[in-house]
1. Could you line up 180, 233, 137 from fewest to most neighbouring Cβ atoms inside 10 Å?
2. Taking 41 Å as R0, compute the FRET efficiency from the Cβ-Cβ separation of residue 280 and residue 322 and round it to 0.05.
3. Can you tell me the convex hull volume per residue for segment 152-287, based on C-alpha atoms, in Å³ to the nearest whole number?
4. Report the Rg/Rh value for segment 279-347, based on alpha-carbon coordinates and the Kirkwood definition of Rh.
5. First obtain the Kirkwood hydrodynamic radius of segment 1-89 from its Cα pairs, then insert it into the Stokes-Einstein equation at 20 °C and 1.002 mPa s, and state the resulting D in µm² per second as a whole number.
6. Provide Rg over Rh for segment 62-143; use the alpha carbon set for both Rg and the Kirkwood Rh (inverse mean inverse pair distance).
7. Could you check the simple spin-label distance between residue 18 and residue 107, using points 7 Å along Cα→Cβ, in nm with one decimal?
8. What is the gain in length, in nm to one decimal, between residue 94 and residue 10 on full extension, counting 0.36 nm per residue of separation less the C-alpha to C-alpha distance?
Ligand code: NAD
Ligand code: AHE
Ligand code: ZN
């Protein structure tokens, strides 16, 4: 079939909205009509050329929601008409990783996913001239129709609005999951969140749910303060306005250091500050941000010797097919908020505007509606 998609032709260039060819689902695969997709900073990271796994031409996008249009041979858990959220972290429930309760990083299809291919080693997308186009994160939600493996789809309730729950496909789950699944924050904790964007605000919302006493938000953009407060931030710090070093300032503000700190910027200097503002003896720092090719983190080993812990999280430690439907329920029951974070919506033809808004720091989440 032909479908409309935003094609990432080359690193550093704007997306090109065009028709592409899409082959139907093969064994174990599902054709999904995407109804809405968010634009995450990770899409920008890959489009910029900073992603060591970035390959072009590709159809980016990994924060979608839609409806099953057709299932391939052998698919048993989904049928046409089911509402689904694509999962860039699949859940096969069979691999060593899925069977180990310590991780959510299902590896069943990770190697082909990283090469922009379906599990059989081929792509379903081609240009109208027949040239290959790569998939992205196994999801490619910047296409009106896309093909995914069955294990990379969470079935969700049909009454949930696509234009909101698409955000659960990455930002909401990553932020809240980093608090609940990775850090396991206790009631009364003092916490610091670096980066108040689409992910950091969900960390803040997760911390409020977890009952944190102090939630410090750190961002260079003063316009993020109001939104942080809206979701439970108790203190705002703009590093550009701090006299002297940021770390001792934050240690003082949190009365000895954070019980938990979170990086949601992808900047390795910020990651170091996040680790070093954690409390001596027990403070844990969770890296969420994705850093460019070649970037490395560093600190004095003494920071770890004296009890601080550095950890990371992908997709908030969530097991998608199991956890994502529950997070959709939380939204529908009013336990978590999504609507105010979706600051802009647009059609696929305007998708590059969504990237511009992100660059200018004017949006939290832009959502493309098909
Ligand atoms: P975003 O652009 O919406 O937000 C980033 C925020 O960080 C902005 O508010 C910006 O002003 C702030 N910031 C940038 N540099 C800063 C600095 N030096 N000090 C303080 N604040 C600074 O991005 P997002 O969509 O929220 O994504 C955040 C990061 O999380 C990205 O690196 C993204 O790739 C990553 N991410 C990781 C996962 C995961 O599973 N680990 C999932 C989603 C996103
Ligand atoms: N390809 C990059 C890493 C990108 C990355 O870390 N992605 C996160 C999800 S970000 C979603 O917005 C992730 O899930 N990582 C685990 C994985 O297996 O990719 C690189 O540096 O090579
Ligand atoms: Zn993302």
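Every number here is computed from the coordinates shown, using simple stated rules; none is lab data. None of these values were measured; they are calculated from a predicted model. With ideal geometry, Cβ positions are generated from the backbone for all residues, glycine too; neighbour counts draw on all protein chains shown.
1. 180, 137, 233
2. 0.65
3. Given the Cα convex hull of segment 152-287, per-residue volume reads 117 Å³.
4. 1.12
5. 150 µm²/s
6. Across segment 62-143, the Cα-based Rg/Rh ratio is 0.98.
7. So the label points at residue 18 and residue 107 sit 3.7 nm apart.
8. 26.6 nm
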